[in-house]
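Just so it is clear, none of the values below were taken in a lab; they were calculated from the coordinates. Bear in mind the structure is a predicted one, so any value in this text is a computation, not a measurement. Virtual Cβ from ideal backbone geometry, glycine too; neighbours counted across all protein chains shown.
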Amino acid sequence: MDKLKILDASFLYAETPNTPMNIAAVQHFELPPGREDGFFDDLKAYIDARVHLIPFMTKRLQATPFGMDHPVWVQDDRFDIDYHVQRTRVPGPGTQSQLEQTVARLHETPLDRSRPLWQYWLIEGLESGHVAWYTKYHHACIDGMAGQAIIDILFSDAPEIPAIPAPTMLEAETAPGMLSLLWDATLNASTQPVRTARSLPSLARTAWSLGRRALNRDEAGLGALGQRAPKTRFNVAVGPYRSFAFGSLPLSGLKAVGKPHGCKANDVFMAVCAGALARHLDERGELPSRPLIAGAPVSQRVAEDKSMSNQVSMLLTSLETHIVDPVTRMLAIRDSANVGKAVVAELAAAGGFDNLSLPGLPTAFQNVMSVADRLRLGDFLPMPLNVVISNVPGPRRPVFLNRARMLTHYPVSIPAHGTALNITLQSYQDRMDFSITACLDALPDANLLRDAMYDAWAELQRAAGVDPVPALEPDPSAPTEVASIRAA
């Protein structure tokens with residue numbers, strides 16, 4: 001029986017009408033010449049012939065009766081490719097901002113839990129002549145690294161279409177009955193104390209190590225984990241609507257800024273985010289005196305693990321927004337991130353709780369989240385972080401989908417109660433494509449924060465004394481909108 005683990009299932013339980021747990025990507029594609037008219041139908045057939053290669057794409061979730069255990073995957077006996085692969089069109093003239101608004105509307109729509117938890121949309125009408133490809137999955141299915149594994153399965157390294165045999169029909173599978181689910185839940189619950197007991201020694205060692213770290217003044221302590229995040233406009237309960245904006249920076253440029261200072265490209269990007277957030281809040285008279293705290297999802301996967309599941313933990317990093325000098329701020333962010341990595345490694349050593357299952361846990365979890373949603377507790381409860389900033393490595397090579405060449409690779413992520421702003425970075429070749437996904441009420445002008453990131457990038461390059469490299473075109477060969485591209 002293919003049962004969800006606790007981390008995967010938690011994204012189901014945390015979902016409310018205001019917090020759809022969708023993770024996605026939107027990519028620009030250059031169509032092969034002469035294939036504009038029939039491309040959508042060909043693409044739908046291409047995907048349909050390959051869905052069997054990714055198990056969850058033909059399976060739906062079935063709940064365990066009475067919330068006794070986590071849901072299980074069962075074959076969808078009414079799988080319909082026409083539901084999962086659709087098309088839409090941006091209004092004329094098809095500008096970047098119109099594409100961003102279209103993606104925001106698609107992203108704020110929850111997925112139908114009675115079907116496999118994914119949907120693809122071909123977005124046409126862009127003024128560049130390209131098309132956009134929006135791919136949405138429920139977070140219960142995958143994390144960012146699993147999403148990259150899907151690219152390896154569905155995409156190719158050349159414009160030729162690889163021959164992949166597909167079954168003529170979906171393999172029949174009998175869904176488990178109520179008694180079978182209850183019996184499995186009972187067995188799972190009865191063995192939980194044994195699994196927990198086995199984890200106690202490693203948990204005790206982790207607690208001792210973290211306690212010693214917190215008390216040792218000669219070390220950096222717990223880093224941002226021991227700090228209190230200030231209250232900002234982003235630390236509120238979210239509503240049902242989203243704002244979205246995307247942009248691009250050069251990977252080589254980020255490395256050029258960071259290398260002389262012992263900083264990685266991600267440290268530089270975090271510094272760009274910090275400079276933009278400080279500017280954005282300061283212009284509104286809302287910059288706190290204490291530094292903002294970023295939560296950065298960290299993959300816990302071993303090498304070559306491409307399983308479709310969530311294997312992440314959260315690293316807390318101080319964004320040092322109280323520091324004015326961009327280079328000094330970047331170095332402080334690097335140091336905070338290094339401490340955070342050490343803390344995450346110690347927490348990961350505890351392990352043993354990925355199969356946690358308690359009778360009634362699903363129902364209790366969902367009830368708590370429903371109450372928090374209705375009462376808007378995110379407006380009042382203190383949060384350990386102000387913003388989520390993710391970095392997901394993507395393909396370093398050109399890739400193609402049904403002969404169409406992928407030009408960009410923008411992620412689309414999740415604002416949640418208490419953290420209404422999510423900035424995610426995704427690499428593709430020498431591009432570092434980033435996006436801002438936010439609650440519309442908390443950040444109605446995501447494009448202004450994106451432009452502030454371009455300004456912060458230019459400022460950081462000047463302060464670092466490197467040859468300025470401009471931001472990249474959000475859609476290569478597209479007409480440039482005002483303020484969409486800022487030269488350093």
Problem set entry | Simple spin-label estimate for A364 and R89 in nanometres, 7 Å along Cα-Cβ | 5.3
Seminar exercise, completed: When L375, L111, L460 are arranged by how many other beta-carbons sit within 10 Å of their Cβ, fewest first, they go L375, L111, L460
Seminar exercise, completed: A correct fewest-to-most ranking of R113, R431 by other Cβ atoms within 10 Å would be R113, R431
Problem set entry | Candidate lysines for bridging to K3, where Cα separation is under 21 Å - those fewer than 8 sequence places away on the same chain excluded | K59, K306
For this session: Can you tell me the FRET efficiency between Q62 and D82 if r is taken as the Cβ-Cβ distance and R0 is 22 Å, rounded to the nearest 0.05?
Result: 0.45
Exercise. For q = 0.12, 0.17, 0.21, 0.27 Å⁻¹, what log10 I(q)/I(0) does segment 71-138 give under the Debye formula with an equal point scatterer on each alpha carbon and no solvent?
Worked result: -0.37, -0.65, -0.86, -1.21
For this session: Please give the length that would be gained between R284 and R105 if that part of the chain were fully extended, namely 0.36 nm times their separation in residues minus their C-alpha to C-alpha distance (nm, one decimal).
Result: 61.7 nm
Seminar exercise, completed: Evaluated at 25 °C and 0.890 mPa s, the Stokes-Einstein D of segment 41-176 based on the Kirkwood radius over Cα pairs, in µm²/s, stands at 146
Exercise. Which length gain, in nm to one decimal place, applies between V466 and L31 when the Cα-Cα distance is subtracted from 0.36 nm times their residue separation?
Worked result: 152.9 nm
For this session: Could you grab the relative contact order for segment 6-182? Cα pairs under 8 Å, six or more apart, rounded to a whole percent.
Result: 33
For this session: Note down the nm distance, to one decimal, between modelled labels 7 Å out along Cα→Cβ at A49 and at D430.
Result: 3.5
